[in-house]
Amino acid sequence: MSQNIVVIGGGPAGIEASRRLRDLGYTPLLVEKEPVLGGHLARWDRLFPDGVEARSVLEPMLQDLDGIKYFTDTEISSINRLKDTWVVKFSNGLSAQVRAILMTTGFDLFKAEKKEEYGYGIYERVITNADLEAWFKSGAAPQFDHVHTIGFVHCVGSRDEKAGNRQCSKVCCVTAVKQACEFKEKFPETTVYCFYMDLRMFGRKFEDLYLKAQKEYGIRFVRGRVSEVSEDIDGHLFVKAEDTLFGKPMKIKMDMLVLMAGMTPAADTQELSRMVNILPGEDGFFQPQSLVSNPCTSSREGIFFAGTATGPKTLPETLSEAGAAALAIDRYLKTPLK
Amino acid sequence: MIDFGYGLTPSATLRIEQVSNPAFEELHQREPDVVKCIACGSCAASCAAGCFTEMNLRKVILSLQRGREKETLPMLRHCMLCGKCQLVCPRGINTRHLILSIGKVYGLEETGL
């Protein structure tokens, strides 16, 4: 009988790591609290930098779950150390005694309504990046008529000490540029603005996408953080920012505003950290042994991490880390017990 | 070296390497957050005085860091200490304390505070 390994979180990191562990001869027990596997990826339409469909990545993964026991709508009730093993109790009544647990608990999207000055949840025409993806994915007709001007607000809940998130969420810059191009493609008459503090186009072909946004789509980039948004009686939005390169404040009338909500530590991180007696980092994400050379191992025996549980990452980074975590677990389990 | 006449004129150049800035150091002592600014411009965009005057806190901070205080300190005269910049600053800078500290360090007459 092959050895069980508990994988907590059924997003791309959890699914990919489970497949790799299965290939190495283990039986992963993949636990997901939502009704379906796939995490945020299941709700996303297209992926940067080339605009491939999210489902073209996720579906082949979901069709390859043989040998993986997965439980949806299931949470972790308790985790206890017993000699060299961990005893994990699930909310569905099952339990497992394993030597290794992999935390692939991912991230929560920043709750944009916390930035009250941007009016999410107050003004109808202020939406988030996730709302826009859901709309693109649904293929439904536009929610609003006559969108002549739309703005994308970068760094919503990222690089923001007051919102409790000092970190850069890493993926929102390129996501905003991707969504801006998509919007312009669907509605060529619309004037599209991006309000940014820095454009962090770090990945391969990201800079190309930025160049395309400038040259082919005519996206207007404004270097300045949006400070506040107000609404007139007809529902138009008035967006205030400083054009910091020009050095003058500006107020632009917009028909729609998209807030690029960033990545925050998953709400369950605290509770799971307590269960396995590991302190999360100061930023609330799980703390690996080393962010450079040991990103998948924790300070405790048999507890491993992969994906955005340890901080903002792109999807390819998450997938390769899932593979790395599977190998780290394999090496750990093949090392004889002291 | 031959001077071809295409060099930078000193008046048009920022001589950042020559900035020796004891006043800025004193300001930094009083309000350590002055070095935390990421120049996002939220303060300038939300500034109640910024629509009508040259007041721009982002520019004030930058010019102090670059040793160009004379050009920008008069901006502060227009500040009404309403505190909107403090509400929107993503780095959580205590802008009120910063502005009052600038007034103390650089002289009240200069800033009008």
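Below is a table of values for the structure above.
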quantity	calculated
Complete set of residues in region A:91-123 that are within 14 Å of chain B (Cβ to nearest Cβ) and part of a loop (DSSP other than H, G, I, E, B)	A:Phe110, A:Lys115, A:Gly119
Per-region count, region B:23-48, residues free of Cβ contacts under 8 Å to residues at least 40 places away in the same chain, crowded, with 17+ Cβ neighbours inside 10 Å and more than 10 Å from every other protein chain (Cβ to nearest Cβ)	1
Filter result (part of a helix (DSSP H, G or I) and not hydrophobic (A, V, I, L, M, F, W, C)) within region B:35-72	B:Lys36, B:Ser42, B:Ser46, B:Arg58, B:Lys59, B:Ser63, B:Gln65, B:Glu69, B:Lys70, B:Glu71, B:Thr72
Subset of region A:217-252 that is touching a Lys or Arg at 6+ places or on another chain (Cβ under 8 Å), of a type in the set (Gly, Ala, Ser) and within 11 Å of chain B (Cβ to nearest Cβ) - its residue that is nearest to A:Glu182 (Cα to Cα)	A:Ala241
Failed item, numbered, when A:Asp84 is tested on (1) over 19 Å from A:Cys194 (Cα atoms); (2) modelled with pLDDT of 95 or more	(2)
Residue list for region A:143-190, restricted to those being more than 14 Å from chain B (Cβ to nearest Cβ) and either charged (D, E, K, R) or over 21 Å from A:Ala213 (Cα atoms) (or both)	A:Gln143, A:Phe144, A:Asp145, A:His146, A:Lys170, A:Lys178, A:Glu182, A:Lys184, A:Glu185, A:Lys186, A:Glu189
Condition met for A:Glu133 (within 27 Å of A:Gly262 (Cβ to Cβ), buried (at least 16 other Cβ atoms within 10 Å of the Cβ) and among the acidic types (Asp, Glu))	yes
Test: residue in region A:300-310 that is more than 14 Å from every other protein chain (Cβ to nearest Cβ), part of a strand (DSSP E or B), more than 21 Å from the chain's Cα centre (by Cα) and over 27 Å from B:Arg91 (Cβ atoms)	yes
Selection from region A:139-192 of residues that are of a type outside the set (A, V, I, L, M, F, W, C) and either assigned to a strand (DSSP E or B) or touching a Leu at 6+ places or on another chain (Cβ under 7 Å) (or both)	A:Thr149, A:Gly151, A:His154, A:Asp160, A:Asn165, A:Lys178, A:Gln179, A:Thr191
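Residues checked against (1) surrounded by fewer than 19 Cβ atoms within 10 Å (Cβ to Cβ); (2) in contact (Cβ under 8 Å) with a residue 60 or more places away in the chain; (3) not polar (S, T, N, Q):
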| site | (1), (2), (3) |
| --- | --- |
| A:Ser2 | yes, no, no |
| A:Arg20 | no, yes, yes |
| A:Glu34 | yes, no, yes |
| A:Gly38 | no, no, yes |
| A:Ala42 | yes, no, yes |
| A:Tyr70 | yes, yes, yes |
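This table checks each residue for (1) buried (at least 19 other Cβ atoms within 10 Å of the Cβ); (2) at positive phi; (3) without any contact (Cβ under 8 Å) to a residue 24 or more places away in the chain.
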{"residue": "A:Leu62", "(1), (2), (3)": "no, no, no"}
{"residue": "A:Gly106", "(1), (2), (3)": "yes, yes, no"}
{"residue": "A:Glu116", "(1), (2), (3)": "no, no, yes"}
{"residue": "A:Ile127", "(1), (2), (3)": "yes, no, no"}
{"residue": "A:Ile150", "(1), (2), (3)": "yes, no, no"}
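For every residue, the table says whether it meets (1) in contact with a helix residue (DSSP H, G or I) (Cβ under 7 Å, 6 or more places away or on another chain); (2) β-branched (Val, Ile, Thr).
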{"residue": "A:Arg225", "(1), (2)": "yes, no"}
{"residue": "A:Ile233", "(1), (2)": "no, yes"}
{"residue": "A:Glu242", "(1), (2)": "yes, no"}
{"residue": "A:Leu245", "(1), (2)": "no, no"}
{"residue": "A:Met250", "(1), (2)": "no, no"}
{"residue": "A:Val258", "(1), (2)": "yes, yes"}
{"residue": "A:Leu272", "(1), (2)": "no, no"}
{"residue": "A:Gly284", "(1), (2)": "yes, no"}
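The values are calculated or read from the model by the stated rules, or taken from the named source; none is laboratory data. This one's a predicted model, so the numbers in the text were calculated from it and none came from an experiment. Glycine gets a Cβ as well: all are built from the backbone with ideal geometry, and neighbour counts include every protein chain shown.
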